[in-house]
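Data block below; observations after.
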Amino acid sequence: MRFLITAILGAYAVAAIPGTSSPVVDMGVAVLRARAGCNAPGVVNGECGKVYDFQDCKGNEVWRIQPDCTQTCIKVTDKPVVSVRATGDGTYGTTCYLYSDSNCQSEVRRTSNSATGGGSCVSAIGQTVGSWKCTFKC
């Protein structure tokens, strides 16, 4: 199973050439579940992207992902996404993006590139979020 996930993530990494479209996956698929663990922000493996159902990164956490540089686009499915928080690992930064469409083409908001501290949060107030992604060490 671990080999399969590695092969799938490797395939996404090859597909993430700048200027090309991002692979699109629904929240909860196996590829994302394998990357759903985040450690404490600002420490080794602390990079994380978290989306929330309320503004200012409050309310319920809808999903979390340990970001990488694959540019994987995550389609919002059954739970609304209103805000996103990006945290880094203390050395390298994470940037997260919110999009109004379902394939990460029409950007609504993005966080700053956050490497340390509590991270960077943005809200898509008055906008419907259809997809999101977070990148780390790109």
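The table below lists the values:
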quantity: Residue list for segment 99-118, filter: at pLDDT 90 or above and at positive phi; calculated: Cys104
quantity: Single condition Lys133 does not satisfy, out of (1) out of contact with any Gly (no Cβ under 7 Å at 6 or more places or on another chain); (2) assigned to a loop (DSSP other than H, G, I, E, B); (3) not polar (S, T, N, Q); calculated: (2)
quantity: Within segment 88-105, tally of residues that are in a loop (DSSP other than H, G, I, E, B), closer than 10 Å to Trp132 by Cα and among the hydroxyl-bearing types (Ser, Thr, Tyr); calculated: 2
quantity: Whichever residue in segment 36-69 is among the charged types (D, E, K, R) and surrounded by 20 or more Cβ atoms within 10 Å (Cβ to Cβ) and, among such residues, is nearest to Tyr99 (Cα to Cα); calculated: Lys50
quantity: Of all residues making up segment 119-138, the number that are surrounded by 15 or more Cβ atoms within 10 Å (Cβ to Cβ), aliphatic (A, V, I, L, M) and in contact (Cβ under 8 Å) with a residue 40 or more places away in the chain; calculated: 2
quantity: Residue in segment 122-135 that is touching a helix residue (DSSP H, G or I) at 6+ places or on another chain (Cβ under 9 Å) and at pLDDT below 90 present; calculated: yes
quantity: Lone qualifier among Thr91, Thr72, Thr116, Thr77 - being surrounded by 20 or more Cβ atoms within 10 Å (Cβ to Cβ) and touching a residue at least 12 places away in the same chain (Cβ under 8 Å); calculated: Thr72
quantity: Members of segment 49-59 found to be touching a residue at least 40 places away in the same chain (Cβ under 8 Å) and in a strand (DSSP E or B), listed by number; calculated: Gly49, Val51
quantity: Residue match in segment 60-76 (condition: at pLDDT 75 or above, within 22 Å of Ala124 (Cα to Cα), basic (Lys, Arg) and in a loop (DSSP other than H, G, I, E, B)); calculated: no
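Residue-wise test of (1) closer than 14 Å to Phe136 by Cβ; (2) not charged (D, E, K, R).
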residue: Cys38; (1), (2): yes, yes
residue: Asn60; (1), (2): no, yes
residue: Pro67; (1), (2): yes, yes
residue: Thr72; (1), (2): yes, yes
residue: Tyr92; (1), (2): yes, yes
residue: Glu107; (1), (2): no, no
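The values are calculated or read from the model by the stated rules, or taken from the named source; none is laboratory data. None of these values were measured; they are calculated from a predicted model. Positions of Cβ are generated from backbone atoms using ideal geometry, with glycine treated the same way; all protein chains shown enter the neighbour counts.
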